[in-house]
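I have placed the structure first, in the form of structure tokens, so that the comments after it can refer back to it.
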Amino acid sequence: MELVIQSIINGLIQGGFFALFAVGLVMIFGVMGVVNFAHGELVMVGAYTIWLVHAQYGFPYLPTLLLAIVVVMGIGLLMERFLFRPTRNDPLGGLICSIGVLFILQVLATLIGGDGPSKQVPPPLDGTLVLLEFIRIPYQRLFGLGVSVLALLTLWYFLTRTRLGWALRAVALDREAAALQGININVISFIAIGVGAALAGLAGGLMAPLTNINPHMGHNVIITAFIVTIVGGVGSISGAVYAAIIYALFHTFVTVYLGGTVATICGLVLMVLVLIVRPSGIMGVRVSE
Amino acid sequence: MNSKPARIVLSLLLLVGLLLLPHFLQFHHQDLLIFLTINVLVVASYRIVTLTGEWSLIHAVMMGVGGYTAALVFKQFELGMWFTLPLAGIVAAAIAALLCFPLFRMTQFYFLIGSFAAGEAIRLCWIRFVQPFGGTGGLSGVEPPLIGDIDFLEAVPYYYLTLAVVGLCLFILYRIENSRIGLILHSVHWKAPLAESVGVDTWRYRALAFIIGSFFVGVAGGLKVHYLGTITPNQFGVGFMVFILIWVIVGGYNRFYGPIIGVVVLTLFDESIRSLEEIRPAIYGAVLIISILFLPQGLESIVGRVKRLFARKPAGGTPSGDR
Amino acid sequence: MSDSTILKVDQVTKRFGGLTALDKVSFAVEAGEIRGLIGPNGAGKSTMFKNIAGFYTPTSGDIIYQGQSIRGQKPHTIAELGIVRTFQETTLFQELTVFENVLVGCHKHARSNLFKAIFKLDREIEQAATHKALEVLEFMGLVERRDQFASELPLGSQRALAISIALASEPSLLLMDEPFAGMNPEETNHMMELTRKVRDSGITIVLVEHDMKAVMGLCNYLTVLNFGQLLAEGTPDDIRNNDRVIEAYLGGGVH
């Protein structure tokens, strides 16, 4: 029983992180129409920034977290300007370019940190919250969850209550119509990828003290992000959030009883099932014909 | 340039060149040559899948399916390559046929992701189920056949064997593409609704292309495992799939020979940067990006331009059959 | 339903979410006629075609072709039964030659199996298909252009090619979707001739079109839609003088 409750809590916390990277991916795909295969690597860069600047050079955690966000956002903006904009009418080309970036970032990580055993970042927040005598939540994880929730709420506010947010949604719905109404597609694309990348960088920075850092950590991130995005509904941010939580809980539970590999296999099978039965996902817009 | 005698002479020269080549190379390069030949089959078989316009991400795993089948059949039943190679192809084709049902309800983007997921799930099964797949360590102890006195464990004989098998497969693939089946596949690619409106069952043809492609890459997997002797799940992961994509995209995919040019040029390129081991993936990444941005029609378009340079008369007759 | 009715659309309704594109539309087409399906923009004409040809399935109602219900069948099955449509905005296999385009249309009658195709054992089928393709090209006046790429053709020839592809599959009922769009008077006349020629060869035609000259000149009978509903039916003369039709066009659509 304790195990179940602990797992639920762990699952929810994982869900927060999954939501961050899935939402980032959805923003980029929804607004710009391109699948960013390098999204996992963006998260990795966020984590590496923390490792390099905070763990190795001793800068305080919070400013470094901000730095991580800025760095990853910068990479995202560069990708938009030089890769995605020229390939705007060729989404497959954009996807391939993102694969190129994936490789380059992985190599950079290897050069900076070597390809040895995974790195660890000691959590800046010590201590564990103990509830009801058997639930243990390390403060660092709680912090991660808190910031994730805050970030997602801020995003929700931005998308639904600000003009810029509405413009983003308009472009996601129908790019040509939005352009005809005078919305500047280039600016919106920058914003979309800026936000998407920022979320990825944030996720990486939050996860850094909680996970193993190595050049290949992006692989699991991208798989998770795809599963969550598809199940939640391609193009739907709220769908991605719900799906992230559900999938994280599912994955956590299956991992406890059957191991991580099986959990991922099940996740992939689930995703294929969703694609068959309801390709629009739980909340996605129905794609007719 | 397009006259029949010229073509025959060129083909013969190519053939002779290919046959003599290994004798001029050191062992390490002979090795490479064998893998290159196998990879030619991999990309040629991928081409027929993409002919209908669907880019699948499961091709690398299908090669593994063929490889694992060959390995398991060899180890269980001690059958030679005459059996394991066709079986490798058949099992890969069968799995592809099964996957058609879930996968072909999706198109484009969804199909891409779905095929990726299915492939990754299969690969994870190889890792997870140590019986019978051997887990992360995979399987080993697979040997090539002994025909008469020729020891196929040697590189040069194995090369000729590979060349023969791949040559036959390429011939079949080429014939398919230039037959009316190939024409219909093209039509599905370009305008599926139009094809449907005249009675083409596009689902069936997409499935056909996928199954045929999987058959041949399965055979390639069998060739690989019999040479290497071992097979592991990581040989067929995202890394290799990306290589396939790179070869096809950089080489070009509008002509039958496009992907073949891609794999040959890039493999040679890869060899030349061997010393830069650590940053090789980054160089590939850069090559991909440059290719997409500056040479979207692939290397094959260069061949097209060279051909036009040599053509003296303006084209008044039928264009050549390759497409 | 008389014996010569080739197509009967029976109370067909088509809804997309909250939008009702077609609302209990019924009409019948006689074999051998050229029927015009007209109405202002957005009336549901193309939607009706898509329902008949199987690209959409009616939400309710039925579609009966030569006495059999074809509702819910897939496009390629319906094509095999003999209903073929052409598409708005010239849809052709741009990367293929004129000849190859039509060859695809011959698919229905030229099934080859894989094995034979590889080893070129299906010679008769190939020859039959080639023969048929050339026949169609001859009929439509495109033989000289057979080796040109579809993308290189002038507009009139492109439209003729679209019809050729459809004809190659030997339809009994041809649904033509705005074939006259963007044509000058000379091209329009030529196209009208071709259309009559097709009908005279025994094929029933249903024509969706905005060009009134073509419609009035070609059609035996007109079915008028407006806002997804049947507005009126009658001969071109009847419709020309029908107040409600005039009002519908002037009030709502662009002509």
Checklist outcome for this item: Going through (1) in a strand (DSSP E or B); (2) closer than 22 Å to residue C:170 by Cα; (3) more than 14 Å from the chain's Cα centre (by Cα) one by one, residue C:62 fails only at (2)
Item to check | Residue identified as assigned to a helix (DSSP H, G or I) and more than 14 Å from chain B (Cβ to nearest Cβ) among A:28, A:50, A:104, A:96 | outcome: A:50
Checklist entry - Taking residue B:115, is it touching an Asp or Glu at 6+ places or on another chain (Cβ under 9 Å), crowded, with 23+ Cβ neighbours inside 10 Å and within 14 Å of another protein chain (Cβ to nearest Cβ)? => result yes
Checklist entry - Restricting to segment A:159-176, what's the tally of residues that are surrounded by fewer than 17 Cβ atoms within 10 Å (Cβ to Cβ), without any contact (Cβ under 8 Å) to a residue 24 or more places away in the chain and assigned to a helix (DSSP H, G or I)? => result 7
Next on the checklist: I need a count of the residues in segment B:180-233 that are charged (D, E, K, R) and out of contact with any Phe, Trp or Tyr (no Cβ under 9 Å at 6 or more places or on another chain).
Outcome noted: 3
Checklist entry - Has segment B:194-211 got any residue that is within 14 Å of chain C (Cβ to nearest Cβ), in contact (Cβ under 8 Å) with a residue 12 or more places away in the chain, surrounded by 24 or more Cβ atoms within 10 Å (Cβ to Cβ) and over 26 Å from residue C:150 (Cβ atoms)? => result yes
Item to check | All positions within segment B:7-39 that are within 28 Å of residue B:307 (Cα to Cα), touching a residue at least 24 places away in the same chain (Cβ under 8 Å) and not assigned by TED's automatic domain parsing to the domain that holds residue B:165 | outcome: B:18, B:19
Next on the checklist: Among the residues in segment A:116-139, are any more than 14 Å from chain B (Cβ to nearest Cβ) and in a helix (DSSP H, G or I)?
Outcome noted: yes
Item to check | Selected residue (criterion: nearest to the other protein chains (Cβ to nearest Cβ)) from residues of segment C:73-96 that are surrounded by 19 or more Cβ atoms within 10 Å (Cβ to Cβ) and more than 16 Å from the chain's Cα centre (by Cα) | outcome: C:93
Checklist outcome for this item: Residues of segment B:55-103 being of a type in the set (Gly, Ala, Ser), buried (at least 23 other Cβ atoms within 10 Å of the Cβ) and not in a helix (DSSP H, G or I), in sequence order, are B:56
Checklist outcome for this item: Within segment B:275-286, the count of residues that are more than 7 Å from chain A (Cβ to nearest Cβ) and surrounded by 20 or more Cβ atoms within 10 Å (Cβ to Cβ) comes to 0
Next on the checklist: Looking only at segment A:208-227, filter to residues that are aliphatic (A, V, I, L, M) and within 12 Å of chain B (Cβ to nearest Cβ); which one of those is nearest to residue A:27 (Cα to Cα)?
Outcome noted: A:225
Checklist entry - Any idea which of B:60, B:70, B:94 is away from chain A (no Cβ under 13 Å), within 27 Å of residue B:261 (Cα to Cα), of a type in the set (Gly, Ala, Ser) and out of contact with any strand residue (DSSP E or B) (no Cβ under 8 Å at 6 or more places or on another chain)? => result B:60
Checklist entry - So which of B:157, B:144, B:102 ends up being more than 20 Å from residue B:241 (Cα to Cα), facing another protein chain (nearest Cβ under 10 Å) and either in contact with a strand residue (DSSP E or B) (Cβ under 8 Å, 6 or more places away or on another chain) or at pLDDT below 90 (or both)? => result B:102
Checklist entry - Taking segment C:25-72 as the region of interest, how many residues are under 29 Å from residue C:200 (Cβ atoms) and surrounded by fewer than 17 Cβ atoms within 10 Å (Cβ to Cβ)? => result 8
Checklist entry - under 28 Å from residue C:150 (Cα atoms), more than 14 Å from chain B (Cβ to nearest Cβ), outside any strand (DSSP E or B) and in contact with a Lys or Arg (Cβ under 9 Å, 6 or more places away or on another chain): does that describe residue C:47? => result yes
Next on the checklist: So, in segment A:83-93, exactly how many residues are out of contact with any Cys (no Cβ under 9 Å at 6 or more places or on another chain) and either more than 8 Å from chain B (Cβ to nearest Cβ) or touching a residue at least 40 places away in the same chain (Cβ under 8 Å) (or both)?
Outcome noted: 4
Checklist entry - Does residue B:128 count as modelled with pLDDT under 85 and basic (Lys, Arg)? => result yes
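The values are calculated or read from the model by the stated rules, or taken from the named source; none is laboratory data. For clarity, every value in this text was computed on a predicted model and none was experimentally measured. Methodologically, a virtual Cβ is constructed for each residue, glycine included, from the backbone with ideal geometry; neighbour enumeration extends over all protein chains shown.
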